[in-house]
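To start, the structure itself, in structure tokens.
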Amino acid sequence: MAEVARPTVNGSGYEEHLMNNLTYANFDLLLERACAGYSVRYRGRVIDSPAGQGSADFDPPFTPAELAGFPLVNPTPEVARDLGGRLYTAVFAGIVGDLLGRSRHEAESAGHRRRIRRPRPADPPAPGRGP
């Protein structure tokens, strides 16, 4: 009986083998500025997912002062976890969160892995004005 060649971890295509044999269910989420009069709001828009499409507006989860004080280089894990958690809670509230949960269930039922992608908007926001 002939021995089957298996990819090895150290080079010889292991990563390529993994990527070619995995199926992903994409959850494409576009974050954009929403018009709301004088207040600043954002919109999370699911443009493609196993569970369909939808959108919801949300308020920024932090103040401009908090953002100005956020260290862009080497933030502490606590600060990154706090701001990231607040952003996740704001973006995935309501219908966007429901779509994520249903997409997760559908992907798992089909034996697929899941990934959230953030496609680039057609008209990117001006510097310093996007989410």
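Can you list residues whose amide H is under 5 Å from G54's amide H, if they're 5+ apart or on another chain and H is modeled 1.01 Å from N?
Close amide H contacts, sequence-distant or interchain: V46.
Show me the ranking of peptides 52-58, 95-101 by mean Cβ neighbours inside 10 Å, starting with the highest.
Descending mean neighbour count gives 95-101, 52-58.
Residues with beta-carbon under 12 Å from that of E66, excluding E66: net charge, scoring Lys, Arg +1 and Asp, Glu -1?
So the surrounding residues net to 0.
Values quoted throughout were computed directly from the atomic coordinates according to the rules given, and no laboratory measurement underlies them. Predicted, not measured: the structure shown is a model, and the values here were computed from it. Methodologically, a virtual Cβ is constructed for each residue, glycine included, from the backbone with ideal geometry; neighbour enumeration extends over all protein chains shown.
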